[in-house]
1. Tell me, which residue of the stretch 239-265 that is surrounded by 20 or more Cβ atoms within 10 Å (Cβ to Cβ) and without any contact (Cβ under 8 Å) to a residue 60 or more places away in the chain is nearest to the chain's Cα centre (by Cα)?
2. Counting only residues that are assigned to a helix (DSSP H, G or I) and loosely packed, with under 15 Cβ neighbours inside 10 Å, how many does the stretch 191-228 have?
3. Considering the stretch 394-410 alone, what residues qualify as being touching a helix residue (DSSP H, G or I) at 6+ places or on another chain (Cβ under 8 Å) and surrounded by fewer than 14 Cβ atoms within 10 Å (Cβ to Cβ)?
4. Check whether at least one residue in the stretch 178-190 is under 17 Å from the mean Cα position of the chain (by Cα), farther than 20 Å from residue 293 by Cα and part of a loop (DSSP other than H, G, I, E, B), and report yes or no.
5. With (1) surrounded by fewer than 17 Cβ atoms within 10 Å (Cβ to Cβ); (2) assigned to a helix (DSSP H, G or I) as the list, and residue 121 as the residue in question, which single condition is left unmet?
6. Quick one: is residue 236 more than 16 Å from ligand 2 (Cβ to nearest atom), over 25 Å from the mean Cα position of the chain (by Cα) and either farther than 18 Å from residue 213 by Cβ or in a loop (DSSP other than H, G, I, E, B) (or both)?
7. Filter the stretch 133-158 for residues that are away from ligand 2 (no atom under 16 Å from the Cβ) and outside any loop (DSSP other than H, G, I, E, B); which is surrounded by the fewest Cβ atoms within 10 Å (Cβ to Cβ)?
Ligand code: ADP
Ligand code: MG
């Protein structure tokens, strides 16, 4: 078999076990560049793909390869030469924290898009793969598949990047389409101004004229009745004409307070995807990719330190990297770990106050809107049973409390009751997505 053929067949098998989005992200532009004496060299476009394949796919790839070519023993990755060009270009852009780079100022007047946000520098991992997959479907067929596309997630996790990348990609692929990006806050102030100046009709026809409308941070509509009304009107007109609408928010539609029911149901009428927190490995991949983009490298030790201490979002990871990049440019040398810790000490706060038994119990009770006494009671009422099981589960997961301890805490129950509750939630989490969301939310509250 030729190496092209072998690789095609490996890819075909991998495709069966990965999501389309992951497949596209990690296997695009890969190939076998040599296969000699049982050593296979896989060429990849950049270092983050390399890292990711090494960490997540090596075993699988090797297994598949061995089945095809039994003498294969070893797998190595190399970064394709042409990929270097991008990196070199990026090296010229040194940014100092707090100052905008030239690129950031370069917003296109017609679309309001910033060209720096693209899919080529958007990293995909399990934390955002659903949103990425939906975005891919949208850019291929704007207005035809998922309309609206509603993406939500916490700050600094890539919502704006994703919306803008969608816009930039559509502009690239469909030059005739009129695309417009608008932060919701700007939309709100435009509406207020237009009403004041009796220009609301022209504002509406301005927005109704686009083929793709990207509205960022829609939670700002909360409580703004008049603006909601105008937005509802624009939304419907665009929607009926099969124009693509993409919306971001820091929370799902049903959690946006003071939003009219009709808008909520419109937002829920297409596809909703969330972006969650990247795990440690993904944070490391992100750091490495961003460092490479900037044309710098840091020791593994330092990258590990950042990835294990900055967990909140990608913006903070970038912030940390910026500080170290600046140090490096100014001092013409990489910081050592000690220096890095010193430089980042304002960003990395001491480990957040560990959660306590009390805090977990209070948070769960508040979340389910029952009293702590009810939560801790012996009552078998349905409204108490589930919250109680959730609380027991969290005590075990977060604080590693023993089952006898948990049992005693909840009305002097036997440890088997606690164990049963824990197992019940573990099992339910596998099939009940609502519960997954609830526990995610409770966790966020516990640690906020
Ligand atoms: P949000 O709008 O959700 O608050 P942003 O889109 O502004 O977050 O992202 C914060 C920073 O992190 C931006 O500089 C963005 O480029 C970067 N970022 C976020 N997600 C990704 C990603 N998946 N890949 C690469 N960079 C990302
Ligand atoms: Mg944003």
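1. Here the residue is 256.
2. 10
3. Within the stretch 394-410, just 402 meets the criteria.
4. No, there is no match, as no residue in the stretch 178-190 is under 17 Å from the mean Cα position of the chain (by Cα), farther than 20 Å from residue 293 by Cα and part of a loop (DSSP other than H, G, I, E, B).
5. (2) is the only condition that residue 121 fails.
6. No, not satisfied.
7. Among those residues, the one meeting the criterion is 140.
Here is a yes/no grid of residues against (1) under 20 Å from the mean Cα position of the chain (by Cα); (2) surrounded by 16 or more Cβ atoms within 10 Å (Cβ to Cβ):
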position: 296; (1), (2): no, yes
position: 299; (1), (2): no, no
position: 305; (1), (2): no, yes
position: 317; (1), (2): yes, yes
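The values are calculated or read from the model by the stated rules, or taken from the named source; none is laboratory data. The structure presented is a predicted model; accordingly, all values stated were derived computationally and were not measured. Here Cβ is always computed from backbone atoms with ideal geometry, including for glycine, and neighbour counts include all displayed protein chains.
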